[in-house]
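Below is one structure, written out as structure tokens, with a few remarks after it.
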Amino acid sequence: MHALVYGAGASLAAPAGRPLFFPLRDALFAQLGVALDAEELAWRMAPEALLSRLAGAGVDVDRELRSMLGGGRPNALHVVAVEVLRRGDPVWTTNFDELIETAATEAGVEIHRLLPGDDAAGTCALGHLVKPHGTLSDEHVLARSEDVLAPLPDAWLERLAADLDQARVAVVGYAGADVDLRTGLAAALRTTAALTWFGRPSDEGPLHERFGAVDLALSERPDRAALEWARAERLAGGVTPELADQLAEEIQHPALQATFDADRLLRARVIDDFGRALEARREYRSALLLGPRRRTAARALYSSGMIHGAPWRPPVVTALNLACALPLRWITPHRLRLPYLTWNVEARPRLRALERSLEIDGEDPAIVLATANAAKEVDPARAVELARQVQAGALAAEQPGPLAWATFTLSFALRWIGDVEQARDQASRLADSYGPLAGPTWTAWGHFESGASAALTGDLDRGAEQMLLAAEVFTAAGSMFAFDAWCGALAIHRADGDEPARQKAYDKASALLQDAALRRRFMREVLLVEEAELAREQGRLDAARDMYSELSASPTLAQQLLGLLGLGEVQRSRGEEPSAAREALRLSDERSFGFGRVHACVTLGLAGAMSADEAERRIAVDDFRAPERPDADGLLRFCQGTDAARHVLCFP
Ligand SMILES: [Zn+2]
């Protein structure tokens, strides 16, 4: 038996001529009147994320999709699908178009179509056309972020597994990016009798990352290759010479035009997503004055003013703090001060304030998330606990924004406590799945976290590559977090000894620090670690000691510990008692900071302040699996950098 899985690439060829999803998103952007600086930028936001924002603003996205995706005539691959269905075998497609249905009707083949909400167990003798994302003639198709975040219902995944089990399977023109289908499909593909995945050469990397070692047939025209396969499998009998000829023609991309009315508020929200806060506030303000949806505009303007410091902020914050201090179980003032707290108060006092808010309502998702976010820089173990709670809730409630933020917090905090493997898993979910569904900044954080995890496992090449991707997306989105990505790249290039790349990253980061308004202290300290390490490398030990001393009083756990670890190294190279490394070990133990524990033991062992055996024993049982270098023995094998003896500290 056979089974087919069709993606958008199956409906491209004439006479179908249906568009891919990305041109569709570009048409929506064009209608919105938002000019994106870089073409590059656009693909960082999945079409589903834009559709979700449009739907949230009252745009009838189903109508837009019907007008842009409808039309066309069945092509050769649709006819092949009908042959499979005629034999009672299954066809799965994420496409919304109804060209397979049309081809079946024209061939007089009766099929059983399964749509969301149907009983997926259907076991009649007809061939089943399974459309997990719905179909254009239905009222709703599943195309918004919140529709596709959670895996398909179990009954559907069981059907998928049964449909593909021991079948000769072809996957055609499907990029495999759908989060809801991916895990189930990857599992189902493991028990096929034969599998050929027809894709484009550019699909290779993402497909291997998502599905492991599947057999890929890569070409510029996967649809033509799939027709050859169908012929060999004797499934192409219904394909007329005319249809075969049309499949051989070049793809003509249809001109797409969206039709919704773009309003100010909608434009402001999308601009805000891409990090252009000032421009967005101008639009919010005019939406507040001129409509539409003045209340929503007022809320957006309030958050923006609380974050960026509107003139009315000080009295409002004072009043909210007073209200929060009252012995009342009244959660509203706690919620209203979140945007101010999150962006303007240092992590430790912020965490204290938010833990008090949690005592009022420990279930309020916005407050739990803000608390997890505050905890990640000072109490990572607490952050892991809270972020898991929000992540599960956001997934169940299908909220892409909070889901992405919780996943970022979780990855970050897991990395700090030293569970890099789990951190990496969360990071790749963020970069590849939740981020694109939530907005470009979250995709960039996914790359940042992937890069940081890679560096901590010793894979510096991948670390640098992911940091550059993060910097690129942050920059394109006009986000201040480009600074963090350049500092990450800087730390990695210190370890891999790529001097020109290190210098470039340093220049970029310094320039961004100059312009910073929010988070100044945090940013300065992140860069100070790099400057101190550089001073130590160049033998300017007094300068290094002064900088590390300043860092050892940082309110941020990582910077404080890197300061102590650096001071310990200065003491070691001067033959002094490495008391700072002892303090680093104590504090890392107390606050669960894996990197700090391991590297404090390395310094203490190398300095002879702890026996090498004791250091080895502690490192061996630590949650943080420190990467080892092949060209050094003993404790030196845990040291990164061109010269192991210098014990470079690389914690992006
Ligand atoms: Zn049936």
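The values are calculated or read from the model by the stated rules, or taken from the named source; none is laboratory data. A quick note: this is a predicted structure, and the numbers were derived from the prediction, not measured. Side chains are part of the model used for accessible areas, which takes the heavy atoms of the whole protein and leaves out ligands, DNA and RNA. Shrake-Rupley method; radii C 1.70, N 1.55, O 1.52, S 1.80 Å.
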Roughly how far apart, in whole Å, are the Cα centres of segment 69-93 and segment 352-366?
53 Å
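Normalising by the residue count of segment 364-431, find the relative contact order in percent from Cα pairs under 8 Å and 6+ residues apart. Can you show the working numbers first?
Values: 87 pairs, mean separation 19.6, N = 68.
Computed value for segment 364-431: 29 percent relative contact order.
Please report the relative contact order for the chain, taking Cα pairs under 8 Å with a sequence separation of at least 6, and give it as a percent rounded to a whole number. Please report the intermediate quantities before stating the final value.
Details: 1174 pairs, mean separation 70.0, N = 652.
RCO, the chain: 11 percent.
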First check a/c for segment 367-468, with a ≥ b ≥ c the square roots of the eigenvalues of its C-alpha gyration tensor; if it is under 1.5, answer rounded, and if not, answer prolate when a/b is larger than b/c or oblate otherwise.
oblate
How much of Asp507 can a 1.4 Å solvent probe reach, expressed as accessible area in Å² and rounded to 10?
80 Å²
Compute the accessible area per residue over segment 552-639, keeping the other protein chains in place, probe 1.4 Å, unit Å².
40 Å²
For segment 604-619, in order, what is each residue's ³J(HN,Hα) by Karplus, 6.51 cos²θ - 1.76 cosθ + 1.60 with θ = phi - 60°, in whole Hz (x at glycine and Pro)?
4, x, 5, 7, x, 7, 9, 5, 4, 4, 4, 4, 4, 4, 5, 5
Under the Debye formula (equal points on every Cα, no solvent term), log10 I(q)/I(0) of the chain at q = 0.06, 0.08 Å⁻¹
-0.40, -0.68
Roughly how many Å² of Arg313 are accessible to a 1.4 Å probe, to the nearest 10?
50 Å²
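In deg cm²/dmol and to the nearest 500, what is the mean residue ellipticity at 222 nm of the chain if only DSSP H runs of at least 4 residues count, each as -39500 (n - 2.57), divided by the residue total?
Details: 33 runs with 390 residues, N = 652.
Only helices count here, giving -18500 deg cm²/dmol.
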Relative contact order for segment 488-624: what is it in percent, counting Cα pairs under 8 Å that are at least 6 residues apart?
13 percent
Tell me the carbon and sulfur percent of the accessible area for the chain, rounded to whole percent, probe radius 1.4 Å.
52 percent
How are the Cα pair distances of segment 507-652 distributed, in percent, across 10 Å bins from 0?
12, 43, 33, 10, 2
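Which value results for Rg/Rh of segment 1-117 when Rg is the Cα radius of gyration and Rh the Kirkwood radius based on the inverse mean 1/r? Don't skip to the answer; put the middle values down first.
Values: Rg = 16.5 Å, Rh = 15.8 Å.
With Rh from the inverse mean 1/r over Cα pairs, Rg/Rh is 1.04.
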Per-residue HN-Hα couplings for segment 142-158, Karplus 6.51 cos²θ - 1.76 cosθ + 1.60 at θ = phi - 60°, whole Hz, x for Gly and Pro?
8, 10, 8, 3, 5, 6, 10, 6, 8, x, 4, x, 3, 4, 6, 5, 5
Put Thr259, Thr93 in order of accessible area, largest first, probe 1.4 Å, and you get Thr259, Thr93
Which of Arg388, Arg572, Arg63 is most accessible, then next, and so on - probe 1.4 Å
Arg63, Arg388, Arg572
Residues whose built amide H sits under 5 Å from the amide H of Thr94, excluding neighbours closer than 5 in sequence, are Tyr6
Separation of alpha-carbon centers, segment 516-558 and segment 567-624, rounded to whole Å
19 Å
Order the following by accessible area, largest value first: Ser357, Ser579. Probe radius 1.4 Å; ligands, DNA and RNA are ignored.
Ser579, Ser357
Hey, what does the equivalent ellipsoid look like for segment 208-251, semi-axes from the Cα gyration tensor as sqrt of 5 times each eigenvalue, largest first, whole Å?
25, 14, 6
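Is segment 307-413 best put as rounded, prolate or oblate by its Cα gyration tensor, with a ≥ b ≥ c the root eigenvalues, rounded for a/c under 1.5, and otherwise prolate when a/b is larger than b/c, oblate when not?
Working: a/c = 1.71, a/b = 1.57, b/c = 1.09.
Since a/c reaches 1.5 and a/b is larger than b/c, the shape of segment 307-413 is classed as prolate.
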Once all protein chains are kept in place, Leu395 shows an accessible area at probe 1.4 Å, nearest 10 Å², of 50 Å²
For segment 100-224, what number results from the quotient of the Cα radius of gyration and 2.2 N^0.38 Å?
1.10
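Kindly identify segment 415-486 as rounded, prolate or oblate by the Cα gyration tensor criterion: order the square roots of the eigenvalues as a ≥ b ≥ c, call it rounded if a/c is under 1.5, otherwise compare a/b with b/c, prolate if a/b is larger, else oblate.
On the way: a/c = 2.08, a/b = 1.37, b/c = 1.52.
It comes out oblate by the Cα gyration axes.
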